[in-house]
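I have placed the structure first, in the form of structure tokens, so that the comments after it can refer back to it.
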Amino acid sequence: MVDVLEKAGEEGLALTFDDVLLVPAYSDVVPANVDLNTNLTSDISLKIPLISADMDTVSGADMARAMALQGGIGFLWKSSLEEQVFAVEDVKNTLNRKIDKPISVGSNKTKRDVLKILERYQNRFSSLVVVDEDRRVVGLVTGDKTRFAKDESLVRDFMVEDVIVSGEDTSVLGAYNLMKKSMVPKLILTDSEGRLAGMYCFGDVKSIIEGDRNLYNVDARGQLRVGANIGVNDLERAERLLRKGCDVLLIGTAHGYSKNVIETVKAVRDNFKGKYDFGLVAGNVATYEGARALFEAGADAVKVGIGPGSICTTRVVAGAGVPQMTAIYEVVRAAKEFGRYVIADGGIRYSGDIVKAMGAGASCVMMGSVFAGAEEAPGESMKVGGQKFKSYRGMGSQGAMKDNLSSLERYSQKTGKMVPEGVEGMVPYKGKVCEIIFQYLGGLRSGMGYVGAKNILELQKAKFNRVTNAGQVEARPHDVEIIKKSSNYK
Ligand code: XMP
């Protein structure tokens, strides 16, 4: 029961994270043993209740892969259609990680040709399989060999001839064992006639085999799960992504309680539910009525948050929004009537905010700033005053709207002069996603211990107190000079 939020709502008072605290309750719960499994939709579960935000400085394929490998999920931002389709495919293929069509070069080509091919793929890799006229594998060109060759040298004269090959149906585990034993970073696969049929790279294979497979968030076929923002009125994009196995479509704009979003939800539901197996998420809303409209239209889950985000200026620019705890409470009220699910999106700074969001009934949280500092986030890295940072910007910021048509659409704007609803900034570099998640889940587990919740369903029944200004001051370190950085407090 969240009576404090209910009472505040009756008085027309909206509260946010710092306005409330969970009331500690009797507990026989050991934090390390709590169950963090939750639902994103009735058919899609998560092993941890965390989602990376669909933003251009947060969620590309690397982030989505890292999130699913930790048991959560990443929602790809709405990039160009081809890029987004490629990203979905990339994440879905992670666990077989076999490159079905490795890029190759003919043995009679030159170093110049090799460089041209690598450039075409933005130098994302440096090795090319070498084949003869019948596509039979004859060698491998590596970065080192290319570097020292003359521009006009023929590939056959500087390639590595002594390559390890294996049959085309070699499993990931088989490839891992073979590559470890032979100490080679690439394993080329051939058909019965020696023709190129695939390739494994050791780095990819290692993370799959040495990772904890029980943690992974996978679909019924054992592939990592991934979500993607498709914006509004884009059924072509929806179907292209679904064909590649995208698990969740997000119809997400700044104002989800709008005709465009509602109609797109209906259209996606009518055209694709039944034909493909996927979850349909819509947002963002911040009220009971907004959530009801999206659930009625067919959303399996609704995303809550108008203006709580770290980079958001919607509330100051437009004067509209709802402080996040009240918004979650209101949307959860609607979700309960439909037996559906709620994602709390934005404003999470500390792990305690996750516990509060879920205590108010959300089944998972979406985070932008928390993940933007990760190694796997696509934002640019920079050094300021000797410290490493990564860029992070609102999708309604001037820069994002200038660079991406989808950002203009998300904030209902046109090219030319824009009225931004977000800022551009940077966040401290925080290392790998798994290290960030470790800290945030640690806090969540601890909070569940304090309220005596063994699992997320029990946490969703937690009680809150309202906190005064004095209570907020008391809640933070006070009357000390902090002399050492803490890993989970800034
Ligand atoms: P956090 O606090 O996790 O928030 O960094 C991420 C969420 O903020 C939303 N978002 C925006 N909201 N203007 C806004 O008002 C923006 O430019 C903007 N960009 C992102 C979005 O819901 C995201 O998940």
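The values are calculated or read from the model by the stated rules, or taken from the named source; none is laboratory data. Fair warning: this is a prediction, and the values are worked out from it, not measured in the lab. Neighbour counts run over all protein chains shown; Cβ positions are idealised from the backbone, glycine included. We work out accessible area using only protein heavy atoms, side chains counted, and drop any ligands, DNA or RNA first. Shrake-Rupley method; radii C 1.70, N 1.55, O 1.52, S 1.80 Å.
Whether a residue is among the acidic types (Asp, Glu) and at pLDDT below 95 was assessed, and Asp54 does not pass this test. Among the residues making up the range 371-396, a single one is farther than 15 Å from Gly60 by Cα, out of contact with any Lys or Arg (no Cβ under 9 Å at 6 or more places or on another chain) and within 13 Å of the ligand (Cβ to nearest atom): Gly394.
In this structure, does Met325 turn out to be assigned by TED's automatic domain parsing to the domain that holds Thr16, in contact with a Cys (Cβ under 9 Å, 6 or more places away or on another chain) and either more than 10 Å from the ligand (Cβ to nearest atom) or in a loop (DSSP other than H, G, I, E, B) (or both)? No: the conditions fail for Met325. The set of residues from the range 297-322 being near the ligand (Cβ under 9 Å from one of its atoms) and in contact with a Leu (Cβ under 9 Å, 6 or more places away or on another chain) comprises just one member, Lys303. Put simply, of Glu330, Glu337 the only residue that is more than 11 Å from the ligand (Cβ to nearest atom), more than 17 Å from the chain's Cα centre (by Cα) and over 17 Å from Thr16 (Cα atoms) is Glu337. Scanning the range 399-412 for residues that are surrounded by fewer than 17 Cβ atoms within 10 Å (Cβ to Cβ) and either among the β-branched types (Val, Ile, Thr) or within 24 Å of Gly379 (Cβ to Cβ) (or both) yields Lys402, Asp403, Leu405. Give the range 28-85 a look and list any residue that's assigned to a loop (DSSP other than H, G, I, E, B) and either farther than 27 Å from Met395 by Cα or not assigned by TED's automatic domain parsing to the domain that holds Lys432 (or both), or say none. Scanning the range 28-85 gives Asp28, Val29, Val30, Val34, Leu36, Asn37, Ser42, Asp43, Lys47.
The conditions of being of a type in the set (Gly, Ala, Ser), assigned to a loop (DSSP other than H, G, I, E, B) and over 16 Å from Met366 (Cβ atoms) are met by Ala25. When residues in the range 425-439 are screened for being within 16 Å of the ligand (Cβ to nearest atom) and either open to solvent by less than 40 Å² (accessible area, probe 1.4 Å) or more than 20 Å from the chain's Cα centre (by Cα) (or both), 5 of them pass.
Selection within the range 115-134: residues that are of a type in the set (S, T, N, Q) and open to solvent by 40 Å² or more (accessible area, probe 1.4 Å). The member of this set that is farthest from Tyr200 (Cα to Cα) is Gln122. In the range 440-457, of all residues being in a helix (DSSP H, G or I) and surrounded by fewer than 16 Cβ atoms within 10 Å (Cβ to Cβ), the one that is farthest from the ligand (Cβ to nearest atom) corresponds to Leu457.
Output the number of residues of the range 349-370 satisfying the condition of being crowded, with 24+ Cβ neighbours inside 10 Å, closer than 19 Å to Gly252 by Cα and within 13 Å of the ligand (Cβ to nearest atom). The total comes to 5.
Mind listing whichever residues of the range 204-235 are at positive phi and among the polar types (S, T, N, Q)? Listed by number, the list holds a single entry, Asn233.
Name every residue in the range 458-473 that is open to solvent by less than 20 Å² (accessible area, probe 1.4 Å) and assigned to a loop (DSSP other than H, G, I, E, B), in order of residue number.
Ala462
Quick check on the range 48-61. Is at least one of its residues open to solvent by 40 Å² or more (accessible area, probe 1.4 Å), touching a residue at least 12 places away in the same chain (Cβ under 8 Å) and not β-branched (Val, Ile, Thr)? There is no residue in the range 48-61 that is open to solvent by 40 Å² or more (accessible area, probe 1.4 Å), touching a residue at least 12 places away in the same chain (Cβ under 8 Å) and not β-branched (Val, Ile, Thr).
Pairing each residue of the range 149-161 that is under 21 Å from Val184 (Cβ atoms) with any residue that is assigned to a loop (DSSP other than H, G, I, E, B), provided the two are 6+ apart or on different chains, yields C-beta distances under 8 Å for Val155/Ser107; Val155/Asn108; Val155/Lys109; Arg156/Ser107; Arg156/Asn108; Phe158/Ala149; Met159/Ser107; Val160/Thr142. Answer yes or no: is there a residue in the range 95-106 that is touching a residue at least 60 places away in the same chain (Cβ under 8 Å), among the β-branched types (Val, Ile, Thr) and either away from the ligand (no atom under 16 Å from the Cβ) or open to solvent by 10 Å² or more (accessible area, probe 1.4 Å) (or both). So far as the range 95-106 goes, yes, one or more of its residues are touching a residue at least 60 places away in the same chain (Cβ under 8 Å), among the β-branched types (Val, Ile, Thr) and either away from the ligand (no atom under 16 Å from the Cβ) or open to solvent by 10 Å² or more (accessible area, probe 1.4 Å) (or both). Only residues that are more than 30 Å from Leu95 (Cβ to Cβ) and open to solvent by less than 30 Å² (accessible area, probe 1.4 Å) were counted across the range 154-180, and they come to 3.
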